[in-house]
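Student: Here's a structure for you.
The values are calculated or read from the model by the stated rules, or taken from the named source; none is laboratory data. These numbers were taken from a predicted model, which means no experiment stands behind them. FYI the Cβ positions are ideal-geometry reconstructions off the backbone, even for glycines, and counts take in every protein chain you see. Surface areas here come from the heavy atoms of the whole protein model, side chains and all, with no ligands, DNA or RNA. Shrake-Rupley method; radii C 1.70, N 1.55, O 1.52, S 1.80 Å.
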Amino acid sequence: MRILRAAGYRVMPWKNGGGTTTEIAVSPDGAGLDDFDWRVSMASVETSGPFSSFAGIDRTLSVLEGGGVILDIAGQPPARLTTASAPLAFPGDVPTSAALIGGPITDLNVMTRRGRMAHEVERRPFSGEIRIAPRADTTLVLAVGTGATLFTDDGSNLGPLDTLILDRGSPELRLQFKGEGLLFVIGLHRLAANR
């Protein structure tokens, strides 16, 4: 188990130059926007406009803060996303644009390279103690809104927007939350042909 602290995340420009993204974690370590296997990041979206195109990438978007967004994804009906919505999966290489509903938002982006990796994103409201049994090759756990205490030998704490990284076979994780908020559990799976 590793804890990534929010203060240490890397901030970099969007691929299309329209804003900034905060990279939480990427594989392989140090990979750029064109050669990652998987990438988890947050973005501050200040204005409506087009999304960056990522060839061969599947992505899932969740709204962490703000009034929400309407996504216009080519070939699909418009999708309204708010902080109460389930994460939305879509191809990263089809034309997509966003219309803000009520001002700037912060979103969570999970991206995996099609044919090499797959992912799922689960949104869980805080409710007392939560248990997580990591079943993916890599599991990331992001706390939004408040912190948590981990039931570990050292009693580590998870601050707001800190992330835990768990490998397959890690023991079940138990967390006790300190207030209201959300937990995002991200499972990253390496496909059999790429093991």
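Student: So which of Gly145, Gly169 is open to solvent by 10 Å² or more (accessible area, probe 1.4 Å), over 17 Å from the mean Cα position of the chain (by Cα) and at positive phi?
Tutor: Just a single option satisfies the conditions, and that option is Gly169.
Student: Say we look at the stretch 79-90 and pick out the residues that are among the hydrophobic types (A, V, I, L, M, F, W, C) and part of a loop (DSSP other than H, G, I, E, B); which of these is farthest from Leu182 (Cα to Cα)?
Tutor: Within the stretch 79-90, the first condition is being among the hydrophobic types (A, V, I, L, M, F, W, C), and the residues that meet it are 79, 81, 84, 86, 88-90.
From what is left, the residues that are part of a loop (DSSP other than H, G, I, E, B) are 84, 86.
Working: Ala84: 10, Ala86: 12 Å.
Of everything passing the filter in the stretch 79-90, Ala86 is farthest from Leu182 (Cα to Cα).
Student: Please go through the stretch 42-66 and give me each residue that is open to solvent by 30 Å² or more (accessible area, probe 1.4 Å), small (Gly, Ala, Ser) and within 18 Å of the chain's Cα centre (by Cα), ordered by number. Break it down into steps so the answer makes sense when it comes.
Tutor: Taking the stretch 42-66 and keeping what is open to solvent by 30 Å² or more (accessible area, probe 1.4 Å), we get 44, 46-48, 50-51, 53, 55, 58, 65-66.
Narrowing further to those that are small (Gly, Ala, Ser): 44, 48, 53, 55, 66.
Ser44, Ser53, Gly66, listed by residue number.
Student: So for the stretch 75-88 (the condition being β-branched (Val, Ile, Thr), in contact with an Asp or Glu (Cβ under 8 Å, 6 or more places away or on another chain) and touching a residue at least 12 places away in the same chain (Cβ under 8 Å)), does at least one residue qualify? Break it down stepwise before answering.
Tutor: Step one: list which residues in the stretch 75-88 are β-branched (Val, Ile, Thr), which gives 82-83.
Narrowing the set further to residues that are in contact with an Asp or Glu (Cβ under 8 Å, 6 or more places away or on another chain) leaves 83.
Filter once more, so that each one left must be touching a residue at least 12 places away in the same chain (Cβ under 8 Å): 83.
There is at least one residue in the stretch 75-88 that is β-branched (Val, Ile, Thr), in contact with an Asp or Glu (Cβ under 8 Å, 6 or more places away or on another chain) and touching a residue at least 12 places away in the same chain (Cβ under 8 Å).
Student: Just for the stretch 104-140: of the residues that are open to solvent by less than 30 Å² (accessible area, probe 1.4 Å) and in contact with a Pro (Cβ under 9 Å, 6 or more places away or on another chain), which one is farthest from Leu188 (Cα to Cα)?
Tutor: So, considering only residues that are open to solvent by less than 30 Å² (accessible area, probe 1.4 Å) and in contact with a Pro (Cβ under 9 Å, 6 or more places away or on another chain), the one farthest from Leu188 (Cα to Cα) is Leu108.
Student: Taking the stretch 12-41 as the search range and keeping residues that are part of a strand (DSSP E or B) and at pLDDT below 90, which one is surrounded by the most Cβ atoms within 10 Å (Cβ to Cβ)? First the steps, then the outcome.
Tutor: Step one: list which residues in the stretch 12-41 are part of a strand (DSSP E or B), which gives 12-13, 20-27, 38-41.
Now narrow it down to the ones that are at pLDDT below 90: 12-13, 20-21.
Details: Met12: 13, Pro13: 11, Thr20: 14, Thr21: 21.
Among them, the one singled out is Thr21.
Student: Could you list all residues from the stretch 33-58 that are farther than 14 Å from Gly92 by Cβ and charged (D, E, K, R)?
Tutor: Looking only at the stretch 33-58, we keep the residues that are farther than 14 Å from Gly92 by Cβ, and these are 35, 42, 44-49.
Residues satisfying the conditions are Asp35, Glu46.
Student: Turning to a different aspect of this structure: Regarding the stretch 94-103, can at least one residue be identified that is under 23 Å from Phe177 (Cα atoms) and touching a residue at least 40 places away in the same chain (Cβ under 8 Å)?
Tutor: Of all residues in the stretch 94-103, those under 23 Å from Phe177 (Cα atoms) come to none.
Checking the stretch 94-103: not a single residue is under 23 Å from Phe177 (Cα atoms) and touching a residue at least 40 places away in the same chain (Cβ under 8 Å).
Student: Show the residue pairs meeting these rules: Cβ distance below 6 Å; 6+ apart or different chains; first residue within the stretch 54-65 and on the phi > 0 side of the Ramachandran plot; second residue surrounded by fewer than 20 Cβ atoms within 10 Å (Cβ to Cβ).
Tutor: Filtered contacts from the stretch 54-65: Gly56/Arg114.
Student: Which ones in the stretch 22-53 are of a type in the set (A, V, I, L, M) and without any contact (Cβ under 8 Å) to a residue 12 or more places away in the chain? Outline the logic, then answer.
Tutor: Here is the first cut: in the stretch 22-53, the residues of a type in the set (A, V, I, L, M) are 24-26, 31, 33, 40, 42-43, 45.
Of everything in the stretch 22-53, just one residue is of a type in the set (A, V, I, L, M) and without any contact (Cβ under 8 Å) to a residue 12 or more places away in the chain, namely Ala31.
Student: Can you name the residue in the stretch 83-103 that is of a type in the set (Val, Ile, Thr) and surrounded by 14 or more Cβ atoms within 10 Å (Cβ to Cβ) and, of all such residues, is farthest from Ile24 (Cα to Cα)? Quick ask: steps written out before the conclusion?
Tutor: Step one: of the stretch 83-103, the residues of a type in the set (Val, Ile, Thr) are 83, 94, 96, 101.
Next cut, surrounded by 14 or more Cβ atoms within 10 Å (Cβ to Cβ) only: 83, 96, 101.
Numbers: Thr83: 19, Thr96: 23, Ile101: 26 Å.
For the stretch 83-103, the residue satisfying everything is Ile101.
Student: Within the stretch 42-78, take every residue that is in contact with a Lys or Arg (Cβ under 7 Å, 6 or more places away or on another chain) and not in a loop (DSSP other than H, G, I, E, B) and give me the one that is nearest to Thr163 (Cα to Cα).
Tutor: Result: Ser62.
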